[in-house]
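Read the structure below first, then the notes.
The values are calculated or read from the model by the stated rules, or taken from the named source; none is laboratory data. None of these values were measured; they are calculated from a predicted model. Ideal geometry is used to build each Cβ from the backbone, glycine not excepted, and the neighbour counts take in all protein chains shown.
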Amino acid sequence: MKSEEIIKPENMVYQPTHLLNETQMHYCPGCSHGVVHKLIGEVIEEMGLENDTIGIAPVGCGVFIYRYLDIDWQEAAHGRAPALATAVKRLNPKKMVFTYQGDGDLAAIGTAETIHACNRGENIAIVFINNAIYGMTGGQMAPTTLPGMKSATCPDGRDVEVTGAPLKISDMVALLDGTCYVTRQSVHTTPGVKRAKKAIRKAFENSMANKGTSLVEIVSTCSSGWKMTPDQANKWMEENMFPYFPLGDIKDR
C-alpha cells in the first residue's frame, strides 16, 4: 500500500452533518426522533439543498426539530402540516418541501389533510414518526395504538370493539393515485438506519422531481409513554409493532 493510501486516524472520526446544530436535544433516552433528525440533515446536506429546503413542523414531540436542524422552517397548526406544505410547495416549486409529523398529529387530527394532500399528489415528502402513542401529552391512546396495548386512556388495553382497529395510514395512502412512494422503515438497528436514510433521500428526490407525494413512515419507540427502558422498548417494538406495521416499501411508482 502506498503511503498516500493509508487511512489517517483523523479521517476515521465521525463527522455529523453541519446542519445539526449544538442545541441539546430534549428527547427521552432511546427516542427515535434524534436519529431521524440526523438522517434528514445528512440527506439535505448530501443533496446540496441546505438553502433550498423548507420543513413544516406541526404539533407533537417532533415539533422542536426546528431547534436542531438549521434550515428554513414553518410551524403549522396541529395536523395541518400537509395543507401548509401544499401552499409552500406551490408557491416555491423549486424548493424541497417536507413535513415532519407524529402519529397523533398525522393520523388523528390531521387525517383529512394527510389523505387529501396525498390524493392530490402534492409534490411534497412526509416523514411520519409512528410510535403508537401520544408521547408529548401524557401517553394517551393514539389512532395507531395496537389492540390490547395499554395507555393512559386505555389502562386495560385498547379494545377494538369500542375504539376500532389501529389505522394503517401508509397502506391507506398507498392506494391513492397521487402517491408515488410509500415506505415503512425503522431506525433501531444500523441496517435499519441505512435503509431509512435511503428512503428519506428517495422521498426528497421525488419532491424535487415533481413525481407526487412520498410518505416515509418510521416505526418508532416511546420508552416514556410505553413505561419501558430503551432496550425493552426496542424488543417490544420488534415483537408487536413490526407484525402489525411490517417494514418495507409499500408503493414505488
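Scanning region 36-48 for residues that are surrounded by fewer than 19 Cβ atoms within 10 Å (Cβ to Cβ) and on the phi < 0 side of the Ramachandran plot yields Glu42, Glu45, Glu46, Met47. From the residues in region 77-87 that are surrounded by fewer than 23 Cβ atoms within 10 Å (Cβ to Cβ) and not polar (S, T, N, Q), which one is farthest from the chain's Cα centre (by Cα)? The extreme case among them is Ala87. So, Lys94, is that one closer than 18 Å to Asn206 by Cα and either surrounded by 16 or more Cβ atoms within 10 Å (Cβ to Cβ) or modelled with pLDDT of 90 or more (or both) or not? Spelling it out, Lys94 is indeed closer than 18 Å to Asn206 by Cα and either surrounded by 16 or more Cβ atoms within 10 Å (Cβ to Cβ) or modelled with pLDDT of 90 or more (or both). Go through the residues of region 79-91 one by one and say whether even a single one is in a helix (DSSP H, G or I) and modelled with pLDDT under 95. Scanning region 79-91 turns up no residue that is in a helix (DSSP H, G or I) and modelled with pLDDT under 95.
Yes/no matrix, rows are residues, columns are (1) out of contact with any helix residue (DSSP H, G or I) (no Cβ under 8 Å at 6 or more places or on another chain); (2) part of a strand (DSSP E or B); (3) surrounded by 19 or more Cβ atoms within 10 Å (Cβ to Cβ); (4) touching a residue at least 12 places away in the same chain (Cβ under 8 Å):
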{"site": "Gln101", "(1), (2), (3), (4)": "no, yes, yes, yes"}
{"site": "Phe128", "(1), (2), (3), (4)": "no, yes, yes, yes"}
{"site": "Met149", "(1), (2), (3), (4)": "no, no, yes, yes"}
{"site": "Leu167", "(1), (2), (3), (4)": "no, no, no, yes"}
{"site": "Met172", "(1), (2), (3), (4)": "no, no, no, yes"}
{"site": "Val182", "(1), (2), (3), (4)": "no, yes, yes, yes"}
{"site": "Lys194", "(1), (2), (3), (4)": "yes, no, no, no"}
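Selection of region 151-165 for residues being part of a loop (DSSP other than H, G, I, E, B) and either in contact with a Pro (Cβ under 9 Å, 6 or more places away or on another chain) or crowded, with 21+ Cβ neighbours inside 10 Å (or both) yields Gly157, Asp159, Gly164, Ala165.
Taking region 10-58 only, how many residues are more than 22 Å from Thr114 (Cβ to Cβ) and outside any loop (DSSP other than H, G, I, E, B)? Matching residues across region 10-58 total 12.
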